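Undergrad: Questions regarding the structure given below will be posed in turn.
The values are calculated or read from the model by the stated rules, or taken from the named source; none is laboratory data. The model shown is predicted, which means the values in this text are computed figures rather than measured ones. Backbone-built Cβ (ideal geometry, glycine too); neighbour counts: all protein chains shown.
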Amino acid sequence: MKSDLPLFYYQPNDVDYLEKSLSLNGKLFKNIIRLKDSTFSTFDSVYRHMSYNAEYFERFCFYRYFSALKYATENKIDKFLMCDTDAIFLKSLDFEKILGNDKCVACKPQDQNKNDDIVCIHNSIWTKDGLEDFCNFLIETYNNNIEILMPKWEWHVSTQTGGGICDMTLMYHWYNSDKNLYNLQDGVFDRGIGMSKNNIEDEFKIKNEIKQLKKIDNKIFGINYKDEEVEFYGLHFQGHTKKYMNLL
């Protein structure tokens, strides 16, 4: 059964894996909305780039929240999901039940190494009010409370470690739900198929550079280091693993 809640994408330019992602997610969602807006002067006026990644890329990662908020507000959509274009949903869950009374339910790894400060939204469930609150938080943080971001950025600079401040950092400081899509009762969402970590470090077995996956009755499972089969409700084909999307 397809979900009644819409799924929001943000992809201002065309990429070769987009149609495959849309096709796979189209099996589970009645309404998929591709957002393209790329001008948000209020955010641009306060944003401070603190990352070794390209500035245009980091700005686009933030723009998706403002673009989604604009669309949800104009079209009176109160609840929806968001998805990166290199991520897919594998199962139509009761997303509204998972959301409950929270503003947002996303992916927050239990294991957070020093200065990770990560909450991921490549598969996430939102309310419009929650997204509006987060967008206001972004503006307020860069405008008046940027000191909460400085310890992480100073660590990146002092250690010459790649990465830096990104939307996942701001999500980490804003997110206040106890729920975690990396740790649901009967299955989990994937942090990235090219890494063994998920909710915790070294959680899943790797085979041929990606998580070892097993298909059973049209469901996809990962094998954790206890040799348990764990169902994946979504997969994230981040970075060089995008090519594996074509195998589904």
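Undergrad: Which residues, counting only those in region 11-34, are at pLDDT below 95 and either closer than 30 Å to S158 by Cα or touching a Ser or Thr at 6+ places or on another chain (Cβ under 6 Å) (or both)?
TA: Passing the criteria: Q11, P12, L18, S21.
Undergrad: Another question, if that's okay. Tell me which residues, restricted to region 119-134, are in contact with a strand residue (DSSP E or B) (Cβ under 6 Å, 6 or more places away or on another chain) and among the hydrophobic types (A, V, I, L, M, F, W, C).
TA: If the condition is that a residue be in contact with a strand residue (DSSP E or B) (Cβ under 6 Å, 6 or more places away or on another chain) and among the hydrophobic types (A, V, I, L, M, F, W, C), then V119, C120, I121, I125, W126 are the ones that fit.
For every residue, the table says whether it meets (1) surrounded by 22 or more Cβ atoms within 10 Å (Cβ to Cβ); (2) touching a residue at least 24 places away in the same chain (Cβ under 8 Å).
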residue: F57; (1), (2): no, no
residue: K76; (1), (2): no, no
residue: D84; (1), (2): no, yes
residue: I88; (1), (2): yes, yes
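Undergrad: Here is a further query. What about N25, is it closer than 28 Å to L248 by Cβ and either in contact (Cβ under 8 Å) with a residue 60 or more places away in the chain or among the charged types (D, E, K, R) (or both)?
TA: yes
Undergrad: Please determine, by comparing only the residues of region 192-210 that are farther than 11 Å from G222 by Cβ and of a type in the set (D, E, K, R), which one is surrounded by the fewest Cβ atoms within 10 Å (Cβ to Cβ).
TA: Among them, the one singled out is E209.
Undergrad: Taking the stated definitions as given, is L99 buried (at least 19 other Cβ atoms within 10 Å of the Cβ), farther than 28 Å from G194 by Cβ and touching a strand residue (DSSP E or B) at 6+ places or on another chain (Cβ under 7 Å)?
TA: It is true that L99 is buried (at least 19 other Cβ atoms within 10 Å of the Cβ), farther than 28 Å from G194 by Cβ and touching a strand residue (DSSP E or B) at 6+ places or on another chain (Cβ under 7 Å).
Undergrad: Six or more apart or on different chains, Cβ under 7 Å: which pairs go from a residue in region 233-248 that's in a loop (DSSP other than H, G, I, E, B) to one that's of a type in the set (S, T, Y)? Could you list them?
TA: These pairs meet every condition: F237/Y244.
Undergrad: Oh, and also: Could you list all residues from region 196-221 that are free of Cβ contacts under 8 Å to residues at least 40 places away in the same chain, under 19 Å from the mean Cα position of the chain (by Cα) and within 16 Å of A87 (Cβ to Cβ)?
TA: Those that are free of Cβ contacts under 8 Å to residues at least 40 places away in the same chain, under 19 Å from the mean Cα position of the chain (by Cα) and within 16 Å of A87 (Cβ to Cβ): I210, K211.
Undergrad: Restricting attention to region 152-163, does a residue exist that is under 24 Å from Q238 (Cα atoms), of a type in the set (S, T, Y) and surrounded by fewer than 18 Cβ atoms within 10 Å (Cβ to Cβ)?
TA: There is at least one residue in region 152-163 that is under 24 Å from Q238 (Cα atoms), of a type in the set (S, T, Y) and surrounded by fewer than 18 Cβ atoms within 10 Å (Cβ to Cβ).
Undergrad: Looking only at helices (runs of 4 or more DSSP H) that lie completely in region 65-183, which have at least 3 residues being more than 17 Å from the chain's Cα centre (by Cα)?
TA: Once the helices (runs of 4 or more DSSP H) in region 65-183 are filtered for at least 3 residues that are more than 17 Å from the chain's Cα centre (by Cα), what remains is 128-144, 150-159.
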